Amino acid sequence: MLNIGCHLSVSKGFLAMGKQALELGGNTFQFFTRNPRGGKAKDIDKADADALLELMAENNFAKILAHAPYTLNPCSKDERTREFAFQTMADDLRRMEYLPNNLYNFHPGSHVGQGVDKGIELICELLNKVLFEDMTTTVLLETMAGKGSEVGSRFEELRAILDRVGLNRKMGVCLDTCHVFDGGYDIKDNLESVLDEFDRVIGLDRLRAIHINDSKNALGSRKDRHEKIGEGNIGLEAFGRIVTHPALCSLPFYLETPNELDGYAREIALLKSF
Ligand code: FE
Ligand code: FE
Ligand code: ZN
């Protein structure tokens, strides 16, 4: 059975998202931990979190994925911006313990002219402060498209981050299909060799989640514009190979395509049909 869901709005609470995921035909979902523009998160309603955990257990849910605000920049040149990223992630990870054993994904950030090596150093500095011994959440680095000065569009960069984090056993990688394609990894025509390279550089055991998105742009474009499944340059056949690949098919897949809920329901059904 395919573990699949889509990005949902957290505004009505945890249990509401779980129910919505089921209505859409899925068994997982992704949500932003707070308004992507930053700002304070709502207080956790423990009863609501417990109700979601119960619904997940009863309905064979895969792990759910909390996404950090995409505006955070852990490797900014500005110390206050980095401090804000740290405070936000520290708060998010504390709150995630109300939903134990799930996933938390973040964008490594943009080095804004400092260079990739400095960017990696700053990201690791933050991770080494924010991860804690008894946490149950797995923190995922997302593969990026390489837009602007984004860190994480090469598998080697993600490897370098993992290598320098003391508690890296709490970490993994989330592969975004649009991002890797825009970053130059040909998952459309050479899925096997991309996965071999991932395995050689990072290790497939680190791969914990897939963001499943088509791309509006060409291979290597470094653009990061998501498209509906089958309507972009990756194409439906490639997605059929991705969701059925033995190294990937048991992972949780999360749609971040430009859709309303009915569109997500159609894509979930389509991907399950493979
Ligand atoms: Fe993302
Ligand atoms: Fe993504
Ligand atoms: Zn993206």
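Values computed for the structure shown
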{"read-out": "Largest to smallest principal axis extent of the C-alpha atoms in the chain, angstrom", "value": "47, 46, 30"}
{"read-out": "When each of Lys77/Lys118; Lys40/Lys63; Lys40/Lys118 is checked by Cα-Cα distance, pairs over 21 Å", "value": "Lys40/Lys63; Lys40/Lys118"}
{"read-out": "Alpha-carbon centroid distance for the pair the stretch 260-274 / the stretch 66-129, whole angstrom", "value": "31"}
{"read-out": "Cα-based Kirkwood hydrodynamic radius, the stretch 167-214, one decimal, Å", "value": "11.2"}
{"read-out": "Length-normalised contact order for the chain - Cα pairs under 8 Å, 6+ apart - percent", "value": "18"}
{"read-out": "Förster-model FRET efficiency, 30 Å R0, Asn128 and Glu58, C-beta, rounded to 0.05", "value": "0.20"}
{"read-out": "Diffusion coefficient, µm² s⁻¹, Stokes-Einstein with Kirkwood Rh over alpha-carbon pairs of the stretch 6-162 at 10 °C and 1.306 mPa s", "value": "97"}
{"read-out": "Of all DSSP beta bridges in the stretch 53-195, antiparallel share, percent nearest 5", "value": "10"}
{"read-out": "Extension gain, Lys19 back to Leu236 (0.36 nm per residue minus Cα-Cα distance, nm)", "value": "75.3 nm"}
{"read-out": "Projected label distance in nm at Arg222 and Phe274, using a 7 Å step from Cα toward the beta-carbon", "value": "2.8"}
{"read-out": "Over 28 Å between alpha carbons, listed pairs Lys129/Lys228; Lys12/Lys228; Lys46/Lys272", "value": "Lys129/Lys228; Lys46/Lys272"}
{"read-out": "Simple label model, 7 Å out from Cα along Cβ direction - Glu260 to Ala47, nm", "value": "3.3"}
{"read-out": "Residue-span extension gain [His245 to Asn101] - 0.36 nm each, minus C-alpha spacing", "value": "49.3 nm"}
{"read-out": "Difference of contour (0.36 nm per residue) and Cα-Cα distance, Gln87 to Lys147", "value": "19.1 nm"}
{"read-out": "Inter-centroid distance (Cα atoms) of the stretch 182-247 relative to the stretch 1-54, Å", "value": "25"}
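Rule-based calculations on the coordinates, nothing more; no lab input. Keep in mind it's a predicted model, so treat the numbers as computed, not measured. No Cβ is skipped: glycine too gets one built from the backbone with ideal geometry, and neighbour counts run over all protein chains shown.
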